[in-house]
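*Asks:* I'd like to ask you about the structure that follows.
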Amino acid sequence: MQEEMKIELKHSTVENLQLYSELLGKDVNRMLEEALELYFEAQQKRLLDKNLDNENMMTNLDYDEFWDGVDL
């Protein structure tokens, strides 16, 4: 089941889509799909990096301080 979405673009964006579609010989829909794929990949990477940073902030101890006094 597909849900309809209303997408509004600035006039300049539509003009650029049409121009690049002609220059590159690509369908506007394909160009939008490619652009969104790149956007989603970049956002996923940003979120993963942010989560990694958050995990690293769980401790402010360096390696030696963390393991000080632990006998293995």
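The values are calculated or read from the model by the stated rules, or taken from the named source; none is laboratory data. What you see is a predicted model, and the numbers here were worked out from it, not measured in a lab. When the accessible area is computed, the model is the full protein with side chains, heavy atoms only, and any ligands, DNA or RNA have been set aside. Shrake-Rupley method; radii C 1.70, N 1.55, O 1.52, S 1.80 Å.
*Asks:* Cross-link partners among lysines for residue 26, C-alpha distance below 21 Å, same-chain residues fewer than 8 apart left out?
*Replies:* Once the sequence-local lysines are set aside, what remains near residue 26 is 10.
*Asks:* How much mean residue ellipticity at 222 nm does the chain get from its helices, if each DSSP H run of length 4 or more adds -39500 (n - 2.57) and you divide by all residues, to the nearest 500 deg cm²/dmol?
*Replies:* The helix-only estimate for the chain comes to -22000 deg cm²/dmol at 222 nm.
*Asks:* Here's another thing I want to ask about it. Round to the nearest 10 and give me the degree value, 0 to 90, for the angle of helix 28-56's Cα axis relative to the longest principal axis of the chain.
*Replies:* Helix 28-56 and the main axis of the chain meet at about 10 degrees.
*Asks:* Moving to a separate point now. How large, in percent, is the carbon and sulfur part of the accessible surface of the chain at a probe radius of 1.4 Å?
*Replies:* Taking all protein chains in place, the chain shows 54 percent carbon and sulfur surface.
*Asks:* If I compute Rg/Rh (Cα atoms, Kirkwood Rh) from the structure I just sent, which labelled value in (i) 0.99; (ii) 1.21; (iii) 1.37 lines up?
*Replies:* Comparing each candidate, only (iii) matches the computed number.
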